[in-house]
Amino acid sequence: MSESTAIGPLVGVVMGSKSDYEVMVAAVEMLREFGVPHEVQVVSAHRTPDLLFAYAASAAGRGLRAIVAGAGGAAHLPGMLAAKTLVPVLGVPVPATALQGMDSLLSIVQMPKGIPVATFAIGRPGAANAGLFAVQMLAATDAGLAEKLTAWRAARTAEVLSQELPL
Ligand code: RP5
């Protein structure tokens, strides 16, 4: 699935299962909010390894500048994608098992030296931050996006400053 594709997608959001979407939608929402062209797809490291390789192999050529990859359990998807492309991979641990995301966090963050995966917090906050981080990466060469980010942060600051406690 591709969105805002007047120019091709700049960010790929992939996940190991449809069941991960309730977490990964937080990344998608962030990309939507900033109007970043993106695509969303299920790619499973252990159930569709050939698709994973094809996705990674085509990522740079198709213009992707970042891949947000979320998976639960023994989460190989971000690391295996990173092993097959130079497009930066932002990994999101999804709480999907009895270990509540600690398994996927350690799988993703403990990449051996040489193949980096940027690793985010477990669950929706991590997915949102991964989306936001992808926006910030693109903003390095897109002044309009940088302006939107500055305004977005100012709005977060204003939200906190306007908070009142029920004393
Ligand atoms: C992982 O196994 C997926 O990323 C998902 O988090 C988990 C469960 O997948 P389903 O059984 O819901 O397809 O590969």
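Computed values, structure above
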| item | result |
| --- | --- |
| The range 42-58 residues that are in contact (Cβ under 8 Å) with a residue 40 or more places away in the chain, paired with ones that are within 16 Å of the ligand (Cβ to nearest atom) and assigned to a helix (DSSP H, G or I) (beta carbon under 8 Å, 6 or more apart) | Y55/L81 |
| Count of the range 138-167 residues which are surrounded by 18 or more Cβ atoms within 10 Å (Cβ to Cβ) and either among the hydroxyl-bearing types (S, T, Y) or in contact with a strand residue (DSSP E or B) (Cβ under 8 Å, 6 or more places away or on another chain) (or both) | 1 |
| Residue check for V89: out of contact with any Asp or Glu (no Cβ under 9 Å at 6 or more places or on another chain), under 20 Å from L10 (Cβ atoms), of a type outside the set (D, E, K, R) and more than 12 Å from the ligand (Cβ to nearest atom) | yes |
| Filter result for A26 (under 24 Å from W152 (Cβ atoms), outside any loop (DSSP other than H, G, I, E, B) and within 15 Å of the ligand (Cβ to nearest atom)) | yes |
| Any helices (runs of 4 or more DSSP H) falling wholly within the range 35-145 and containing at least 2 residues that are more than 16 Å from the chain's Cα centre (by Cα) | 49-59, 77-84, 102-109 |
| Selection status of A121, within 16 Å of L31 (Cα to Cα), of a type outside the set (S, T, Y) and either out of contact with any helix residue (DSSP H, G or I) (no Cβ under 6 Å at 6 or more places or on another chain) or more than 15 Å from the ligand (Cβ to nearest atom) (or both) | no |
| Subset of the range 47-71 that is under 24 Å from R153 (Cβ atoms) and of a type in the set (A, V, I, L, M, F, W, C) - its residue that is farthest from the ligand (Cβ to nearest atom) | A66 |
| S44 of a type in the set (S, T, Y), within 12 Å of the ligand (Cβ to nearest atom) and crowded, with 20+ Cβ neighbours inside 10 Å | no |
| Out of A96, A66, A75, A71, sole residue that is within 28 Å of T141 (Cα to Cα) and among the aliphatic types (A, V, I, L, M) | A66 |
| Filter result (closer than 10 Å to L77 by Cβ and either loosely packed, with under 15 Cβ neighbours inside 10 Å or of a type in the set (V, I, T) (or both)) within the range 50-67 | I67 |
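Every residue, every condition in (1) of a type in the set (G, A, S); (2) touching a helix residue (DSSP H, G or I) at 6+ places or on another chain (Cβ under 6 Å), yes or no:
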| residue | (1), (2) |
| --- | --- |
| G131 | yes, yes |
| A134 | yes, no |
| M137 | no, no |
| A140 | yes, no |
| A143 | yes, no |
| R153 | no, no |
| T157 | no, no |
| L165 | no, no |
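Taken together, the values in this text are just the output of simple stated rules run on the coordinates, not laboratory data. None of these values were measured; they are calculated from a predicted model. Glycine gets a Cβ as well: all are built from the backbone with ideal geometry, and neighbour counts include every protein chain shown.
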